[in-house]
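> Here's a structure for you.
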Amino acid sequence: MKNIVILISGRGSNMQAIVNANIPNAHIAAVISNVPDAAGLAWAKERGIATAVLNHKEFKNRAEFDMSLAMLIDGYKPDLVVLAGFMRILSPAFCRHFEGRLLNIHPSLLPSFKGLHTHEEAIKSGCKLAGCTVHFVTEELDSGAIIAQAAVPVLQNDTADTLAARVLKCEHKIYPQAVADFVSGSLKLENGKVVNVSHSDENAFILGQG
Ligand code: GRF
């Protein structure tokens with residue numbers, strides 16, 4: 001059994017998708033939030049999942065918050081730490097501590113549109129496709145090895161909100177799959193790239209508008 005700790009800051013719909021996937025050999029050890037009233041915490045608690053809050057506002061600086069967060073996470077003996085809408089930039093020391101067992105989902109087709117406001121940027125740039133990326137987390141923001149991606153069309157009358165909603169449906173498909181692939185030991189790093197030994201060329205999806 002692999003222990004998984006999920007970090008959220010808000011509604012936690014990706015966390016819910018991962019929990020609901022009932023991934024074989026995966027135990028959701030805890031859901032942790034930096035925001036005390038994050039909606040996803042109540043959802044997890046209702047399902048009997050251990051939850052914890054570490055409010056970043058109560059810390060002097062990022063380094064101290066990250067150190068306490070790492071200690072809190074370590075207490076759950078995680079094999080994998082999953083960032084699911086965790087809206088804090090993590091320090092290099094934190095990323096190094098969990099290197100190789102820290103995943104993130106980003107709402108763009110990386111390496112395009114790192115950082116915030118990805119959907120606005122995709123629309124502004126006239127992109128015809130947008131999407132999401134699951135990747136390993138490294139010290140450099142939104143830059144670790146890519147595990148899976150999904151693309152959706154950008155429609156002519158899209159707003160950032162309508163595009164975000166279309167992309168979010170893809171997130172809920174590829175994130176649980178990526179976590180399952182990690183847990184089953186299917187992800188190998190070769191020359192800085194992820195090779196999936198269980199389903200070699202199915203880690204990219206182009207999904208319809210639905
Ligand atoms: C998602 O769009 C994710 O890609 C981004 O933050 C959002 C979190 O949504 N990192 P949720 O909390 O999982 O619903």
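The values are calculated or read from the model by the stated rules, or taken from the named source; none is laboratory data. None of the values given here were measured: they were computed from a predicted structure. Note that we place each Cβ from the backbone using ideal geometry, even for glycine, and neighbour counts take in every protein chain shown. Accessible surface areas use protein heavy atoms only, side chains included; no ligands, DNA or RNA. Shrake-Rupley method; radii C 1.70, N 1.55, O 1.52, S 1.80 Å.
> Scan the stretch 38-65 for residues that are assigned to a loop (DSSP other than H, G, I, E, B), under 22 Å from the mean Cα position of the chain (by Cα) and farther than 23 Å from I18 by Cβ and report the count.
Matching residues across the stretch 38-65 total 1.
> Can you work out which of the residues in the stretch 149-166 that are in contact with a helix residue (DSSP H, G or I) (Cβ under 7 Å, 6 or more places away or on another chain) and assigned to a helix (DSSP H, G or I) is least open to solvent (accessible area, probe 1.4 Å)?
Out of the qualifying residues, it is L163.
> Now for a different question. Restricting to the stretch 110-122, what's the tally of residues that are buried (at least 22 other Cβ atoms within 10 Å of the Cβ) and either touching a residue at least 60 places away in the same chain (Cβ under 8 Å) or away from the ligand (no atom under 12 Å from the Cβ) (or both)?
Here the count works out to 1.
> OK, next. When you scan the stretch 79-92, how many residues do you find that are open to solvent by less than 10 Å² (accessible area, probe 1.4 Å) and away from the ligand (no atom under 13 Å from the Cβ)?
Residues flagged as open to solvent by less than 10 Å² (accessible area, probe 1.4 Å) and away from the ligand (no atom under 13 Å from the Cβ) within the stretch 79-92 amount to 2.
> Within the stretch 1-32, work out how many residues are touching a residue at least 40 places away in the same chain (Cβ under 8 Å) and either not in a helix (DSSP H, G or I) or not assigned by TED's automatic domain parsing to the domain that holds E64 (or both).
The qualifying residues number 19.
> Of the residues S9, S33, S13, only one is at pLDDT 95 or above and over 22 Å from R101 (Cβ atoms); which?
S13
> Looking only at the stretch 135-171, count how many residues are over 17 Å from L83 (Cβ atoms) and among the β-branched types (V, I, T).
Going through the stretch 135-171 one residue at a time, the tally reaches 4.
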